[in-house]
Amino acid sequence: MINPKRASSKKDCSIEEHSQIKNDRLSDEEAVIRELIKKYDIPSPRYTSYPTADRFIDSESSDDYLHYLRQRRTVIGPLSIYVHIPFCDNICYYCACNKIVTRDKTVSTRYLDSMEKEIALKSPFFSGSRVVKQLHLGGGTPTFLNRAELLRLMHSIAVNFHLVDDEDREYAIEVDPRTVSVETISLLAGLGFNRISMGIQDFDEAVQAAINRKQSYESIVDLVQAVREFGFKSLNFDLIYGLPLQSVESMTETMDKVIALSPDRISVYNYAHLPDRFTSQRQIDRYSLPSANVKLLMAKLIQQRLLDAGYCSIGMDHYAKPDDELSQALNEGSLQRNFQGYATTLSTETIAFGVSAISSHSDSYRQNVRELERYQGLLDKGRLPIGRHLILSKEDKLRRFIITTLACQLCLDFAMVKQQCDVDFMSHFQAELTHLKSMEQEGLLILSNTAITLTTLGRQLIRNICQVFDQYHSAEASRHSQAI
Ligand code: SF4
């Protein structure tokens, strides 16, 4: 547990006093925004898929999925591969990911054995002529694997799929800076990765201690330098606001350091404290969390600092430099969204490997089982480790198109809805129009007879606007993290 005394002694100012000071600092405009944010501060999905993964059902067997893969119509076009490595050396208290915390390094050998079986079972259904445009290693901690294991994994993928070394490939890996050296960065470049995402979260040492994730600024400087030297096309930093002991002052210092390191992309997430759902969050003393007003001020500070530094705001939670492909795709109207967030191209299918990994086809999603033992046991028996799935209805596809378009284009042209989905927006979405009109009065969007356009304020509440079109959200909204 975080020591409350430690929490309240930070900068000789108790959390309550601190919140009061920040509350007093809200301008009239900020106070209006604060009220809106309070109103819309309800659990809301990030919409990396629609319907969201909590809507998937347990009913499909390995044979069902194999039958589906065999009989589905021939798919052409680029392929996307996602690989999930669930292991982590240490627990970060804020974490809400599906991970396995262990110091036993032998687990990865058995895991790779299973993953190779999964690759062998699935790869024949994905023609060798289809190039892999996107490859993403996520976790957990992909760099839990040692260098020989990373090499082994990439070899398995390379012999079964058509990897490319085109300049415009998007081969990304999530890196925990505590687990990599400059030599690892060099190896990753040699393996074909051209994008790296680093979990930074916060540079403040007290905050790092409170979340059990200590990593020095100096070590990050060395890694960033290596990423640049080895020619990676894109470096992303993940940041989180709303963590214990964070303040506007500490966030100002963190942002100074972030901007000095000049990553190409920055993902900014709002910490949602849900200790009933995520047990590790019980290690965080809720009294050490910043107040809602301080969170608002931090969100505003982050946004302002990044915009002042020349970054572009890319829809939900993301910023990118103006010359980054994401910014260019946003300007050209070609931005896409997939399970990993924003992307410049949309592959026709995503094939995923590892526990809890989700594969995506044009009309359906398949998610692997979440339990390691079950995953390995099924593959030992020569069966696909399918856990849950969802076949999309026509209505799901329509709403997916609308939500994805809003998230990527920040506007929706009703003529496009007619063209793509053969639906007249105004007559089909009469119930939603009532919500949209009320959001228009609040200044979140502009609604005309032909389009919806998000305002600057609306961009901050984009998840809530997308949620208007989510048919399933109201039933189990509390499963998702806070919207802001
Ligand atoms: S935040 Fe990342 S490194 Fe930390 S426990 Fe979660 S998955 Fe592992």
Taking the Cα-to-Cβ direction at Gln71 and at Ser448 and moving 7 Å from each Cα, how far apart do the two end points lie in nm? 4.7
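Counting DSSP beta bridges with both partners in the chain, what percentage is antiparallel, nearest 5? Let's see the in-between values first.
Details: 27 of 63 bridges.
Close to 45 percent.
So if R0 is 45 Å, what FRET efficiency would Leu436 and Val182 give, r being the distance between their Cβ atoms, rounded to the nearest 0.05? Intermediate results must be reported in sequence, preceding the final value.
Working: r = 51 Å, r/R0 = 1.13.
The formula returns an efficiency of 0.30 here.
In the chain, what percent of the accessible surface is made up of carbon and sulfur (1.4 Å probe, ligands and nucleic acids excluded)?
Numbers: 10400 of 20680 Å².
Carbon plus sulfur share of accessible area: 50 percent.
Taking 0.36 nm per residue of separation and subtracting the Cα-Cα distance, what length does fully extending Ala209 through Arg110 add? Present the calculation step by step, with values, prior to reporting the outcome.
Details: separation 99, 0.36 × 99 = 35.64 nm, distance 3.26 nm.
Going from the current span to full extension adds 32.4 nm.
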Leaving ligands, DNA and RNA out of it, work out the accessible area of Ile391 with a 1.4 Å probe and give it in Å² to the nearest 10. 90
What do you get for Rg/Rh over the range 55-350 if you use C-alpha atoms and the Kirkwood form of Rh? 0.97
Do the alpha carbons of any pairs in Lys105/Lys214; Lys38/Lys437; Lys233/Lys397; Lys233/Lys295 sit beyond 23 Å of each other, and which pairs? Lys233/Lys397; Lys233/Lys295
What list of whole percents do you get for P(r) of the range 111-189, with Cα-Cα distances grouped in 5 Å bins up to the one holding the largest distance? 3, 13, 24, 25, 20, 11, 3, 1
Return the ratio Rg/(2.2 N^0.38 Å) for the range 78-129, where Rg is computed over Cα atoms only. 1.48
Return one quarter of the surface area of the convex hull spanned by the alpha-carbon atoms of the range 329-484, equal to its mean projected area, in nm². 10.7
Rounded to the nearest 10 Å², the 1.4 Å probe accessible area of Tyr319 is 30
Pop a pseudo-label 7 angstrom from the Cα along the beta-carbon direction at both Ser262 and Ser291 and give the gap in nm to one decimal. 3.9
Lys39-Glu395 pseudo-label distance in nm [points 7 Å out on the Cα-to-Cβ vector]: 2.7
Sites Gln328 and Arg282, calculated FRET efficiency, Cβ-Cβ separation with R0 41 Å, nearest 0.05: 0.40
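What is the diffusion coefficient of the range 32-168 in µm²/s, taking the Kirkwood radius over Cα pairs and the Stokes-Einstein relation at 4 °C with a viscosity of 1.567 mPa s?
Here the translational diffusion coefficient equals 71 µm²/s.
Which order do Val227, Val164 take by accessible area at a 1.4 Å probe, largest first? Don't jump to the answer; show the numbers that get you there.
Working: Val227 0, Val164 25 Å².
Result of the area sort, largest leading: Val164, Val227.
Would you mind working out the accessible area per residue for the chain, using a 1.4 Å probe, and quoting it in Å²?
Values: 20680 Å² over 484 residues.
Each residue of the chain exposes 43 Å² on average to a 1.4 Å probe.
The values are calculated or read from the model by the stated rules, or taken from the named source; none is laboratory data. As the structure is a computational prediction, the values presented were derived from the model and not from experiment. Cβ: placed from backbone, ideal geometry, glycine included. Neighbour counts: every protein chain shown. Surface accessibility is based on the protein's heavy atoms, side chains included, excluding ligands, DNA and RNA. Shrake-Rupley method; radii C 1.70, N 1.55, O 1.52, S 1.80 Å.
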